[in-house]
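*Asks:* Quick one: the structure is below, and I'll ask about it shortly.
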Amino acid sequence: MYTDVYYSNFWYSRFYKGPETDFSGNLVTNEIEHHARCLRLLAMFFEKIYIPRTHLLTFRTKLQSQINRSVFEHKDFGFLLEAGVIAVSSYPGIDAKQDNERIVGRKSGTERVIYPDEDGYLGLIPIDSEYKIDSLSEAEGNTVSFPEYADVLEMENPNLSRMFLDAIARSNTKELPFYHEEFLQRLHEKLPADDFIKVWKETNSIYLTSGAISDKCIAHFNEELESLNFRYRPMNFDRYLFSPATLYTFLRSMFSDTEIQKILYADIEEVHGYIRSGTSGSNRALRFRQDYQKFAKQLSIALRGTVAANTLDQLVMGHAIDAALHNRFRRMTTAVSGALNDLEKLSRLGDLDGSGIAARGGITVLNRGMGILQRVALSRRYPGFVHFSNMLKGHLKGVTVQ
């Protein structure tokens, strides 16, 4: 069972591709809200959300430090940190302050990466004395995995492979045998945009799935950053079933639209107080997470090799989730094929954003919650789903969204 999830949305690499948002000055606000939604969703399904310290100290643009500072000061982040859900890693054997200094000290070895220079920013980085990650071993591992990818590139594009290997050879510092941030920037400077985006996504996935994290931690598939070729890597499990987008679609099968609004936007302590260990609802939350792991494993096996495993659209995932919840896998293929045909028609009409992902907010068949008879049938197979959702529905009755 995966008790922890690797959260990659703070990663500097997100901003190599322009954010899919407007340029009316709302980028920082949109990013803060995006992080808050993702963290709430993940906290419902995992005991801990692992955030690498380097992701909070290494930037593609100075705007990232402004976004991070605002997230750190957000009530949701503070609540999850105090409840022990958010875990920011440190290098083994040194405290958080020294680890901050170690990472920021890399700026003397590169001109291509931005580090924080705001007064007091380093003091805002949370401390977790238990989550130790050996980033040096991770970097050493990448000196093997990245050249292996260059071998694949050579078959398709020898010139691209040579540039890739040259970027690897030049991407090191006195401390690190492979400095991923330096590598990406060197590659970005050399490659045409289309080639870079492809290689960027592939190497992002390599980086996120081959890190020095424990067996209990999984990197959810990050559709903004990753290549579909790595959706089932490294453990033959569909990581998209743990992405915030899919978790949101799953919750819409359990809760009404009004309840979903409260889950995402009402006061976090009032709605999600059960997250604290030892509270009256913590046992139900644990059983809910355990049942989702079983559910996701079953659904992952059913999706593999189907057209559904090659699309990120939540309408398709909605049909797959509906079939799995009601034990109707035989009907899933037909439902998913129909959904893909509908999406193709919508795309021609311009109703989709062109990325293959339905507009945020979700086109889904599961937007009204589940009926009584369906919940009774479900309780026999996944009692954790029903007991937890009943508890949370009770909490939500007296809650308002400010």
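*Asks:* Sort out which residues of region 215-239 are touching a helix residue (DSSP H, G or I) at 6+ places or on another chain (Cβ under 8 Å) and among the hydrophobic types (A, V, I, L, M, F, W, C), and write them in order of number.
*Replies:* The answer is Ile218, Ala219, Phe221, Leu225, Leu228, Phe230, Phe237.
*Asks:* Then there is this: Could you count how many residues in region 107-120 are touching a Phe, Trp or Tyr at 6+ places or on another chain (Cβ under 9 Å) and at pLDDT 85 or above? Explain how you work it out, then say what you get.
*Replies:* In the first step, residues of region 107-120 are kept if they are touching a Phe, Trp or Tyr at 6+ places or on another chain (Cβ under 9 Å); the result is 107, 109-110, 113-116.
After this cut, where a residue has to be at pLDDT 85 or above as well, the list is 114-116.
Going through region 107-120 one residue at a time, the tally reaches 3.
*Asks:* Something else now. Can you say whether Leu191 is surrounded by fewer than 20 Cβ atoms within 10 Å (Cβ to Cβ), over 23 Å from Leu81 (Cα atoms) and of a type in the set (A, V, I, L, M), as far as the supplied structure shows?
*Replies:* yes
*Asks:* Let me ask another. Which of (1) farther than 30 Å from Glu224 by Cβ; (2) of a type in the set (D, E, K, R); (3) at pLDDT below 95; (4) surrounded by 15 or more Cβ atoms within 10 Å (Cβ to Cβ) does Arg330 not meet, given it meets every other one?
*Replies:* Exception for Arg330: condition (4).
*Asks:* Among the residues of region 166-182, how many are closer than 17 Å to Val144 by Cβ and either assigned to a helix (DSSP H, G or I) or modelled with pLDDT of 80 or more (or both)?
*Replies:* Within region 166-182, residues that are closer than 17 Å to Val144 by Cβ and either assigned to a helix (DSSP H, G or I) or modelled with pLDDT of 80 or more (or both) number 4.
*Asks:* A follow-up question, please. Among the residues of region 275-297, which ones are in a loop (DSSP other than H, G, I, E, B) and either of a type in the set (D, E, K, R) or modelled with pLDDT of 95 or more (or both)?
*Replies:* Of all residues in region 275-297, those in a loop (DSSP other than H, G, I, E, B) come to 276-281.
Arg276, the sole residue that qualifies.
Conditions tested, residue by residue: (1) closer than 30 Å to Ala266 by Cα; (2) among the acidic types (Asp, Glu); (3) surrounded by fewer than 16 Cβ atoms within 10 Å (Cβ to Cβ); (4) in contact with a Pro (Cβ under 9 Å, 6 or more places away or on another chain).
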| position | (1), (2), (3), (4) |
| --- | --- |
| Leu81 | yes, no, no, yes |
| Ser90 | no, no, no, no |
| Ala96 | no, no, no, yes |
| Asp99 | no, yes, no, no |
| Val104 | no, no, no, yes |
| Ser108 | no, no, yes, no |
| Val113 | no, no, no, no |
| Leu122 | yes, no, no, yes |
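*Asks:* Would you check if there is a residue in region 106-115 being out of contact with any Gly (no Cβ under 9 Å at 6 or more places or on another chain), closer than 18 Å to Ser8 by Cβ and touching a residue at least 40 places away in the same chain (Cβ under 8 Å)?
*Replies:* Among the residues of region 106-115, at least one is out of contact with any Gly (no Cβ under 9 Å at 6 or more places or on another chain), closer than 18 Å to Ser8 by Cβ and touching a residue at least 40 places away in the same chain (Cβ under 8 Å), which makes the answer yes.
*Asks:* Can you tell which of Leu184, Leu241 is aliphatic (A, V, I, L, M), under 13 Å from the mean Cα position of the chain (by Cα) and crowded, with 17+ Cβ neighbours inside 10 Å?
*Replies:* Details: Leu184 fails: under 13 Å from the mean Cα position of the chain (by Cα).
Being aliphatic (A, V, I, L, M), under 13 Å from the mean Cα position of the chain (by Cα) and crowded, with 17+ Cβ neighbours inside 10 Å holds for just one of Leu184, Leu241, which is Leu241.
*Asks:* Related question: From the set of residues in region 242-274 that are polar (S, T, N, Q) and not in a helix (DSSP H, G or I), which is farthest from Val401 (Cα to Cα)? Can you show your working first?
*Replies:* First, pick out the residues of region 242-274 that are polar (S, T, N, Q): 243, 246, 249, 253, 256, 258, 261.
Pick out the ones that are also not in a helix (DSSP H, G or I) and you get 243, 253, 256.
On the way: Ser243: 25, Ser253: 21, Ser256: 15 Å.
This residue is Ser243.
*Asks:* Now for a different question. Can you tell me which residues in region 258-301 are crowded, with 18+ Cβ neighbours inside 10 Å and either among the β-branched types (Val, Ile, Thr) or closer than 18 Å to Ala323 by Cβ (or both)?
*Replies:* Across region 258-301, the qualifying residues are Ile260, Ile263, Ile268, Val271, Ile275, Asp291, Tyr292, Phe295, Ala296, Leu299, Ser300.
*Asks:* Quick one: is Ser253 of a type in the set (S, T, N, Q) and within 29 Å of Trp200 (Cβ to Cβ)?
*Replies:* Spelling it out, it is not the case that Ser253 is of a type in the set (S, T, N, Q) and within 29 Å of Trp200 (Cβ to Cβ).
*Asks:* Looking at Thr61, is it among the hydroxyl-bearing types (Ser, Thr, Tyr), at negative phi and not in a helix (DSSP H, G or I)?
*Replies:* Against the criterion (among the hydroxyl-bearing types (Ser, Thr, Tyr), at negative phi and not in a helix (DSSP H, G or I)), Thr61 qualifies.
*Asks:* Which of the following residues is closer than 21 Å to Thr3 by Cβ and of a type in the set (Asp, Glu): Glu82, Glu73? Step through it out loud before you land on a result.
*Replies:* Details: Glu73 fails: closer than 21 Å to Thr3 by Cβ.
Step by step, each of Glu82, Glu73 is checked, and only Glu82 is closer than 21 Å to Thr3 by Cβ and of a type in the set (Asp, Glu).
*Asks:* Those residues that are in contact with a strand residue (DSSP E or B) (Cβ under 6 Å, 6 or more places away or on another chain) and either assigned to a loop (DSSP other than H, G, I, E, B) or in the same structural domain as Val199 (by TED's automatic domain parsing) (or both), I need them from region 214-241; list them, please.
*Replies:* Once the filter is applied, which keeps residues that are in contact with a strand residue (DSSP E or B) (Cβ under 6 Å, 6 or more places away or on another chain) and either assigned to a loop (DSSP other than H, G, I, E, B) or in the same structural domain as Val199 (by TED's automatic domain parsing) (or both), region 214-241 yields Lys216, His220.
*Asks:* Would you point out which residue out of Phe77, Phe15 is in contact with a Lys or Arg (Cβ under 6 Å, 6 or more places away or on another chain), in a helix (DSSP H, G or I) and either under 30 Å from Phe388 (Cα atoms) or at pLDDT below 95 (or both)?
*Replies:* After ruling out the rest, the residue left standing is Phe15.
*Asks:* Take region 168-177 and flag every residue that is more than 13 Å from Thr110 (Cβ to Cβ) and touching a helix residue (DSSP H, G or I) at 6+ places or on another chain (Cβ under 6 Å).
*Replies:* Ile168, Pro177
*Asks:* Okay, next question. For region 90-106, does any single residue satisfy the condition of being in contact with a strand residue (DSSP E or B) (Cβ under 6 Å, 6 or more places away or on another chain), closer than 23 Å to Arg186 by Cα, at pLDDT below 95 and assigned to a helix (DSSP H, G or I)?
*Replies:* The answer is no, given that none of the residues of region 90-106 is in contact with a strand residue (DSSP E or B) (Cβ under 6 Å, 6 or more places away or on another chain), closer than 23 Å to Arg186 by Cα, at pLDDT below 95 and assigned to a helix (DSSP H, G or I).
The values are calculated or read from the model by the stated rules, or taken from the named source; none is laboratory data. Owing to the predicted nature of the structure, the values given are computational and were not obtained by experimental measurement. Cβ coordinates were reconstructed from backbone atoms using ideal geometry, including for glycine residues, and neighbour counts include every protein chain displayed.
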